[in-house]
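Written below as structure tokens is the structure these notes are about.
The values are calculated or read from the model by the stated rules, or taken from the named source; none is laboratory data. Predicted model only: the values in this text are computed from it and were never measured. Cβ sites come from the backbone with ideal geometry, for glycine too, and all protein chains shown count toward neighbours. Please note that ligands, DNA and RNA were not included when accessible areas were found on the heavy atoms of the full protein model with its side chains. Shrake-Rupley method; radii C 1.70, N 1.55, O 1.52, S 1.80 Å.
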Amino acid sequence: GAGVSQSPRYKVAKRGQDVALRCDPISGHVSLFWYQQALGQGPEFLTYFQNEAQLDKSGLPSDRFFAERPEGSVSTLKIQRTQQEDSAVYLCASSQFRGYEQFFGPGTRLTVL
Amino acid sequence: AQTVTQSQPEMSVQEAETVTLSCTYDTSENNYYLFWYKQPPSRQMILVIRQEAYKQQNATENRFSVNFQKAAKSFSLKISDSQLGDTAMYFCAFPSQGGSEKLVFGKGTKLTVNP
């Protein structure tokens, strides 16, 4: 079906606000990943789900970051009390099998003022 | 920790010429996969080519090919007959150790194809 979609594409938040970023993976893809990409850098891993189970959250930078995928499809990345250093592009990716390519969404550009 | 090193922050090439982007990595695993991803200015990351480490034959995909040297832990990307649409950031990536599927990315090479 369609590719990975993310919403919103752009988000501006005032410091201290909570934000929620949504990811719709490709239908049937078991694995879902969140990455953070700073300007001019490569993506850095945040967290990973296999179906609804969060198997790895070692990349989440602080307890202000929380991710969920309750029904094994759509995922939400929530950032509480946003800080300026949270400004980045947040990429979501999904894959069907281990070792196969990860399909990326267009990303959400978060700017914290 | 696993690392991926792309030593060329920026490169440029004339249209129709060939360019090679370098990537080295560090892992203690024997079986793994390696990827080159392309990220055009619009930001959507797409897969360029994939190499399985147990295969000795270098992967090719149309104008894109790799030079995979397992012992040297080197995985370079060659783009032949460069086109203006090849202008993008290119990232080398491979899965982290220990069974995790997360990808470790290099810092990227910004490639500009000039007319």
Checklist entry - Which percent of Cα pairs goes in each bin when the distances of region B:6-67 are cut into 5 angstrom slices starting at zero? => result 4, 13, 21, 27, 21, 9, 5, 1
Item to check | Computed accessible area, residue B:78, all protein chains, 1.4 angstrom probe, square angstrom | outcome: 90
Item to check | Estimated FRET transfer efficiency when R0 is 35 angstrom, pair residue A:12-residue B:15 (beta carbons, to 0.05) | outcome: 0.35
Next on the checklist: If amide hydrogens are placed 1.01 Å from N in the peptide plane, which non-local residues have theirs closer than 5 Å to the one on residue A:111?
Outcome noted: A:11, A:12, A:13
Checklist outcome for this item: Over all directions, chain A yields a Cα convex hull whose mean projected area in nm² is 6.6
Next on the checklist: Relative contact order for chain A: what percent, with Cα pairs under 8 Å and sequence separation of 6 or more?
Outcome noted: 37
Item to check | Estimated inter-spin distance, residue B:70 and residue A:2, nm [label 7 Å along Cα→Cβ] | outcome: 4.2
Checklist entry - Which value, in debye to the nearest 20, gives the size of the charge dipole of region A:5-108 about its Cα centre, when Lys and Arg are +1 and Asp and Glu are -1 at the Cβ? => result 320
Item to check | Nearest-10 value in Å² for the accessible area of residue B:18, using the 1.4 Å probe | outcome: 80
Checklist entry - Looking at the protein assembly as shown, what % of its DSSP beta bridges pair antiparallel, to the nearest 5? => result 90
Item to check | trypsin sites (Lys or Arg not before Pro) within region A:1-82: DSSP coil, no more than 14 neighbouring Cβ in 10 Å | outcome: A:9, A:14, A:15, A:64, A:81
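Provide the net charge surrounding residue A:16, with neighbours chosen by a C-beta distance below 15 Å and charges set as Lys +1, Arg +1, Asp -1, Glu -1.
Combined, the nearby Lys, Arg, Asp and Glu give +3.
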Checklist outcome for this item: Compactness check, the protein assembly as shown: C-alpha Rg relative to the 2.2 N^0.38 Å globular estimate gives 1.02
Next on the checklist: Between residue B:30 and residue A:51, how high is the FRET efficiency from 1/(1 + (r/R0)^6) when r is the Cβ-Cβ distance and R₀ = 25 Å? Nearest 0.05.
Outcome noted: 0.35
Checklist entry - What chymotrypsin sites (Phe, Trp or Tyr not before Pro) does region A:29-113 have in DSSP loop regions with at most 12 other beta carbons within 10 Å? => result A:97
Checklist entry - What lysines sit close enough to residue B:70 to cross-link, taking a C-alpha to C-alpha distance under 28 Å and skipping anything fewer than 8 places away on the same chain? => result B:38, B:55, B:78, B:102, B:107, B:110
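Can you check what the net charge comes to around residue A:76, using other residues whose Cβ is under 11 Å from the Cβ of residue A:76 (Lys, Arg +1; Asp, Glu -1)?
Here the charged neighbours net out to +1.
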Checklist entry - At q = 0.13, 0.18 Å⁻¹, what is the log10 ratio I(q)/I(0) for chain B, with the Debye formula run over Cα points and no solvent? => result -0.46, -0.87
Checklist outcome for this item: Neighbours of residue B:109 by Cβ distance under 14 Å: Lys/Arg at +1, Asp/Glu at -1, summed charge +2
